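The values are calculated or read from the model by the stated rules, or taken from the named source; none is laboratory data. All of these numbers come straight from a predicted model, not from anything done at the bench. Cβ placement follows ideal geometry from the backbone for every residue including glycine, while neighbour counts extend to all protein chains displayed. SASA here: full protein model, heavy atoms, side chains in, ligands and nucleic acids out. Shrake-Rupley method; radii C 1.70, N 1.55, O 1.52, S 1.80 Å.
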Amino acid sequence: MSTGTHERAQEAGAAESHGLPDLPGDTALTIRIPEANPLVRAGFPAHVTVLYPFLNESLFTPSTHDDLTDLFAARPAFTLTFGEFRRYPGVLYLAPAPETPVRALTESLTDRWPQAIPYRGIFTPPLAPHLTLANDEGPDTCEAAYDALESRLAPALPLTSHVSSVHLIVTDGPGKGWRDLTTYRLGTGVSRPRETDVGPNRP
């Protein structure tokens, strides 16, 4: 298995980070941050989750990809800087700055597809945008272990990543890993033609 294929198979978004059960056909929309891959100890490539879960793959219609293409095309590319360690219980992560572009993408998606509830509604409010670095320590060891890990990783910060695409990934169920479905470009400003846009009075 190639390195790229292995990374895609292991990419698990918020599911692996926070112990939510993955269902067959679950999809997620994520931003990959390759600059941070050398810092990650969590067993999957560096990424920021935009929306997990999105629609189950079985619910996709012919227009779903077109709608996603249009939504992301209307949003500009942006740059994220990661310079601050933060923690959730059992999780060490980097906070992106600014958060606003990521939150705006999530809000656009949930406005269009209100049935896609972030983290299945388990976290209220939903988790803030984050890049998971480590999530394998228990409550008795996490503080000391993550203090030490922060000390080792701190010289690599801050790091900056230009974000120009969002990846749609899918899983076949628990333990099956994740694979790519497609990639959407940000900021193209180009909408895909629709059947309703074509007719005798339309170009």
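Put simply, the amide H of residue 46, placed in the peptide plane, has neighbours under 5 Å in 33, 37, leaving out anything fewer than 5 places away on its chain. For region 18-145, what class follows from the C-alpha gyration tensor (a ≥ b ≥ c being the square roots of its eigenvalues): rounded when a/c is under 1.5, otherwise prolate if a/b is larger than b/c, else oblate? Taking the square roots of the gyration eigenvalues as a ≥ b ≥ c, region 18-145 is prolate. Taking the 1.4 Å solvent-accessible surface of region 52-99 as the whole, the part contributed by carbon and sulfur is 58%.
Per-residue Karplus couplings for region 132-138, computed as 6.51 cos²θ - 1.76 cosθ + 1.60 with θ equal to phi - 60°, are listed in order as 6, 9, 8, 8, 10, 9, x Hz, Gly and Pro entered as x. Between residue 188 and residue 156, the simple spin-label model (points 7 angstrom out along Cα→Cβ) gives 3.2 nm.
Here the Karplus curve 6.51 cos²θ - 1.76 cosθ + 1.60, taken at θ = phi - 60°, turns the phi angles of region 87-98 into couplings of 9, 9, x, x, 10, 9, 9, 9, 8, x, 10, x Hz, with x standing for Gly and Pro. Think of a 1.4 Å ball rolled over the protein heavy atoms: region 58-203 then has 55 Å² of accessible area per residue.
The phi torsions of region 160-176, fed into the Karplus equation with coefficients 6.51, -1.76 and 1.60 and a -60° offset, translate into couplings of 10, 9, 8, 9, 10, 8, 10, 9, 9, 10, 9, 10, 8, x, x, x, 8 Hz, rounded to whole numbers, with Gly and Pro shown as x. Amide H contacts of residue 25 (H built 1.01 Å from N, in plane; Pro and chain starts excluded): 171, 172, 173 sit under 5 Å, all sequence-distant by 5 or more or on other chains.
Taking the Cα centre of region 18-148 as origin and assigning +1 to Lys and Arg Cβ atoms and -1 to Asp and Glu Cβ atoms, the resulting dipole is close to 160 debye. Using only side-chain charges placed at the Cβ, +1 for Lys and Arg and -1 for Asp and Glu, the dipole size of region 90-164 relative to its Cα centre rounds to 380 debye.
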